[in-house]
Amino acid sequence: MSERQRANHQCGVARPLRILAGVLAVALLPAGCGLPEVVDLPLPGGRPAGAGYTVTVEFTDVLDLVPRAAVKVDDVTVGTVERISLAGWHARVRLRIDRAVRLPGNATAAVRQSSLLGEKYVAVAPPPTEPARGRLADGDLIPLSRTTRGAEVEEVLAALGLLLNGGGLAQLRTINIELGKALAGREPALRDTLTQLDTFLAGLDRQKADIVRAIDALDRLTGRLARQRQVVGEALDSLAPGLTVLARQRAQLSGALTALGQLGTVGTRVVERSRADTVASVQALQPILEQLARAGDDLPKSLDFMLSYPFPPNVTGAIVGDFVNLSVTADLDAASILANLLAAAPTPTRRDARPNTPTPSRPSSAGPAKPGGNPGGKAGGKPGGGVLPDLPLTGCLPDLKNFPATWTPPEECGLPEGCRLLKPGSPVPLGGLLLPKGVVPPGTAFAAGTELPAGTVLTADCVLPLTGEVTGQLGGLLDVLGGGLIQ
C-alpha cells in the first residue's frame, strides 16, 4: 500500500470515529481530511481569562493546526485559536489574545510545533528585522508578508530519504570524483590561484574605506541625476534635432572629409613645387633682417621720437607754460678756449715731422664715405684747413675678420703718427674714442662712415684737433627747428 492510500485509509477510518466522538472528534480532525471550516468550541485550555481582543492572521499553509490551539508569546500561552477559514488560496486564522498582552502593530506570526510529535500552535512575536511600531488592537490583520510556518517532520524525513536512497549520495560521489580528476596534476596552479585570490581579497579589504567612499559618491551622483532628471531629459530632447540634421547631412560630411584628404595631397604637391621659390624668398629677406638686427634699438627709439617730433620724448617735462627750460653743460677749459679764439688752426706736432703730408681737417659730414683709393688727395674745403685724403681700399684698414689686438696703419696711408686701432674690449686710452656700433663718426683721421668691428677703440692721435672755426645761425624758434643755431 502506498503512502497516499495509507493516508486515505487512515482518514476514512478516523472519520466515523470522530463523528461518534462528537466534540472531541471535531477538535482532533486534521485539516487535510477535507473539512474547510471549524466552528468554535469552548475549551478552557488556552482561552484568555478576560474578554481579550481578536486578531486575524493570514497563512499560506496552516498544516494540521486546529481550533482551540494555543497562541504563545515567548513560549507563554496568551490566547487561543478561535476560527480557521479558507480565503481564496490561503488560510485565515482568527486569534483571541488576552487583553493584558501588548504587541506591536507590525508583529509577526508563525505556526510552530511544541515538540517533534507535539501539537501545533501559533507564535506571535515582535518583528526581528525592524523596530516595533504602534500597537496590535482588536480587529487588526497580520498579512502574509509577516507570517511563516515551521518545517514538518515528514518533510525533513522525505528530504533525508531522498538523500540516502541512492540519489543525493551518488551525485555527491560523482561530483567528488569529477572534481578530483579535474584538479589532478594542477595543484600548483590551483594553489597559485588561491594565493592570488587571497591577495586580491586582502587588497579589497584594505581599500574597503575607499570602496565605500566611492559607492557613497556614486550614490550622491545618482541622487543628483535623479533630482535633475527633467533637466537631463530636456537636454537629451534638445540633442534630437541636431542629431537629425547630422543624419541628413551625413553624405555631405563624408564628402567634406574625403575632399579634405584630397586637399592635403594637393597642398603637399604645391609645397613641394614652390619650395625653391620659398627658400629664395627667405634668402632674399636675410639682408633686410641683418640690417634690422644691426639697427638694434635705434628703430624703436626713432619711432618713439616720431611721436613727439620735433621735440625729444622727454621734452614734456621741460615745457612750462609758453616757454621751454634749457639745460646746458659747459666744459670751461681756459687753455682750450684761448686756443680756439686766438689760433685759426693748431699746429700739429707729430704730423709736421713728415714732409709732403697734408694737414687733416674735419671731414665733410655730407654723408658716409667709404675708403677710397687716393692717398694724396687735394687740399680743399673750409678756409683754414685741408681735407683728409680718402683711404685706399687695401692696406689702410685691418682685416675685419681677423682683427689684431693692436693695428698700426702703414705710413703710406697718410694717417697721423701714433694713430692705432685697438681690438674690441680693450681699455680706452686717455683722449681715445670707443666705437660702440663700429661706425667711424666725423672728426677722426678716418673717413666718416667707415665700418669697423663694434667696440673698436681709436687712440687719441686718431681724433682730429678742433680748428676753432665756428659757423652759426641766429634766429627764432622756426630758425632753430630749420637747422639749429650751431651747425
³J(HN,Hα), Karplus 6.51/-1.76/1.60, whole Hz, each residue of the stretch 105-116, x for Gly, Pro: x, 9, 5, 10, 9, 8, 8, 10, 10, 5, 7, 4
Share of alpha-carbon pairs per 10 Å distance bin for the stretch 36-150, given as whole %: 14, 52, 31, 3
Computed on Cα atoms, the radius of gyration and Dmax of the stretch 136-227 in angstrom are 25.2, 70
Would you please put 116-128, 413-425 in order of how densely packed they are, using the mean number of other Cβ atoms within 10 angstrom per residue and starting with the highest? 413-425, 116-128
Please compute the length gained on full extension between ARG83 and ALA295, using 0.36 nm multiplied by the number of residues separating them and subtracting their Cα-Cα distance. 64.5 nm
With 0.36 nm assigned to each residue of separation and the Cα-Cα distance removed, MET306 to ARG213 gains 26.6 nm
Sorted peptide list for 256-267, 399-410, criterion being average Cβ within 10 angstrom, highest first: 399-410, 256-267
Can you give the FRET efficiency to the nearest 0.05 for THR148 and ARG191, using r as the Cβ-Cβ distance and R₀ = 45 Å? 0.55
Part-to-part distance (alpha-carbon centres) for the stretch 171-195 and the stretch 108-133, which is given in Å: 44 Å
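Where a number appears in this text, it was derived from the coordinates with a stated rule and is not lab data. Model, not experiment: these values are computed from the prediction. Counting neighbours? That spans all protein chains shown, and the Cβs are built from the backbone with ideal geometry, glycine included.
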